[in-house]
Structures are given as structure tokens and as C-alpha cells.
1. Could you give the accessible area per residue of the chain, probe 1.4 Å, as a whole number in Å²?
2. Expressed as a whole number of Å, what is the distance separating the alpha-carbon centroids of segment 119-166 and segment 35-114?
3. So if each residue of separation counts as 0.36 nm, and I subtract the Cα-Cα distance between LEU117 and ARG16, what length gain in nm does that give?
4. State, in angstrom, two size descriptors of segment 1-103 derived from its alpha carbons: Rg to one decimal place and Dmax to the nearest whole number.
5. What's the carbon and sulfur percent of the chain's accessible surface, probe 1.4 angstrom, rounded to a whole number?
6. So which GluC sites (Glu not before Pro) in segment 85-190 pass both tests, a DSSP loop state and at most 11 other Cβ atoms within 10 Å of the Cβ?
7. Which whole-number percent of Cα pairs in the chain have a distance greater than 26 Å?
8. By how many nm would the segment from THR107 to PHE37 grow when fully extended, if each residue of separation counts as 0.36 nm and the alpha-carbon distance is taken off?
Amino acid sequence: MAGASLVLSDNSTLSRLDAILYRLERVFALLSGLAVFSLMILAVISVGGRNFLGQPLPGYVDWIEQAMPLIAFMGVAYTQRDGGHIRMDILLGRLRGRTLWGAELITTLAILMLMVLMVWGSWAHFERSFDWAAPLWSRDSSMDIALPIWPAKLLAPVAFSVLVLRLCLQVWGYGRALITNAETPVAVPLIADAATQAAMEADTVSGFEDKKDD
């Protein structure tokens with residue numbers, strides 16, 4: 001069946017792997033949301049301290065820098081799975097069958113190759129910052145309160161690695177669809193027409209209204 005993201009599932013190995021990885025992606029997306037919420041709390045504390053105590057939160061900017069990778073990277077695989085990244089739906093929506101799956105396969109492979117390079121580069125960047133022999137295992141630190149920077153740098157290759165796994169599953173899904181000429185392949189985001197999108201949005205709003213009535 002299709003969820004709100006128009007990603008279908010069945011009893012195949014690909015679909016089961018998709019569900020397992022999706023659980024991890026949702027955890028990462030939750031961490032990203034919690035990071036945003038935490039920064040809001042820190043902003044209130046910092047502004048309140050400045051107004052009432054004459055002293056803002058020490059290292060507020062440092063904590064923002066540490067949280068940025070959480071906000072920017074941890075949800076990318078989750079968004080990729082649901083087809084939430086920028087896509088040329090106007091063009092792809094005109095394609096059908098093997099032409100569509102071939103186009104999706106080519107673009108997904110291109111993204112996969114880029115992300116493999118990003119994992120390699122971001123890991124090398126982390127290694128330059130991490131040192132077992134250094135205090136707090138860090139060769140560099142933030143400017144104000146000297147927070148070690150390597151934890152923030154580690155988040156990038158971790159998040160990108162999960163995205164690589166997601167892209168591998170989607171390459172599998174598009175490749176299988178290309179070979180079998182499947183009309184509705186599983187584990188890949190499908191393009192919804194305007195009517196379907198409107199129905200999905202209506203269902204979402206209806207769900208919130210039902211909860212309010214309860």
C-alpha cells in the first residue's frame with residue numbers, strides 16, 4: 001500500500017530492507033528536529049539572560065555551530081526516501097514505463113556517485129580534527145568556549161552514509177522496474193498527480209481535525 005509519500009511496499013526483500021532503513025532514517029530526522037527545538041530553547045535562555053541578568057548564554061554561537069550538522073544533514077536520507085528533495089516532476093511526470101525508470105535510475109546513480117565522494121571527503125575532514133592523543137580527542141575547537149569540533153564533523157559522513165544506503169536501495173528499485181517494466185515499483189518515491197496530491201493533503205488535514213474533535 002502507499003503511504004503519504006507515495007512509496008509502495010510489498011513482501012519482497014527490497015521492501016523489507018526499505019522498511020528497516022526507514023526506521024533508522026526517521027530516528028535521524030527526529031534528532032534533527034530535536035536539534036532545532038534545542039536551539040530555540042537556547043535562544044530563549046540566551047536572550048532571557050541578556051535582558052534579565054545582563055549576561056547571555058556563554059558559547060551560544062558555539063552550540064549553534066555544533067547543532068548545524070544535525071539540522072542540515074541528519075534528515076537528508078529521510079527526505080530522499082519520501083521524494084522530498086527538489087525534483088523535475090514537470091519533466092519526469094510526462095515520462096512513462098521504462099523511459100521514466102531509466103531516467104530515475106540515471107539521476108539516482110549520479111547522486112549516489114556524488115554522495116560516495118562526499119562520504120570519503122567528509123570522513124577525511126573528520127580525521128583531520130580527531131586525535132586520540134589530544135585533549136578531548138580534538139585537534140581543533142570552537143572559538144568561545146572551546147568545544148571540540150570533531151563530533152559535529154563526524155555527523156556529516158554518518159548521515160551521508162545512510163543516504164548512500166538509501167540511494168543503493170533506490171537504484172535497486174529503479175533497476176528492477178526498468179528490467180520488469182513495472183507500473184508501480186516498491187521502495188521508490190512515485191510522482192503524484194495534482195489530484196492525488198490534493199487528496200493526500202486533504203487526508204492529512206482531516207486527520208488533524210478528527211484529533212481536535214476527540
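The values are calculated or read from the model by the stated rules, or taken from the named source; none is laboratory data. The structure presented is a predicted model; accordingly, all values stated were derived computationally and were not measured. Because the Cβ atoms are built from the backbone with ideal geometry, glycine has one as well, and the counts that use them run over all protein chains shown. These accessible areas exclude ligands, DNA and RNA; they are computed on the full protein's heavy atoms, side chains included. Shrake-Rupley method; radii C 1.70, N 1.55, O 1.52, S 1.80 Å.
1. Details: 13100 Å² over 214 residues.
Accessible area per residue: 61 Å².
2. Centre-to-centre distance over Cα atoms comes out at 18 Å.
3. Details: separation 101, 0.36 × 101 = 36.36 nm, distance 2.74 nm.
Here the answer is 33.6 nm.
4. Calculated on Cα positions, Rg and Dmax stand at 20.3, 65 Å.
5. Details: 8960 of 13100 Å².
Here carbon and sulfur together make up 68 percent of the probe-accessible area.
6. Working: sites: GLU104, GLU127, GLU183; in loops: GLU183.
Here the GluC sites (Glu not before Pro) that fit, given the DSSP loop and packing criteria, are GLU183.
7. 51
8. Additional length available on full extension: 21.8 nm.
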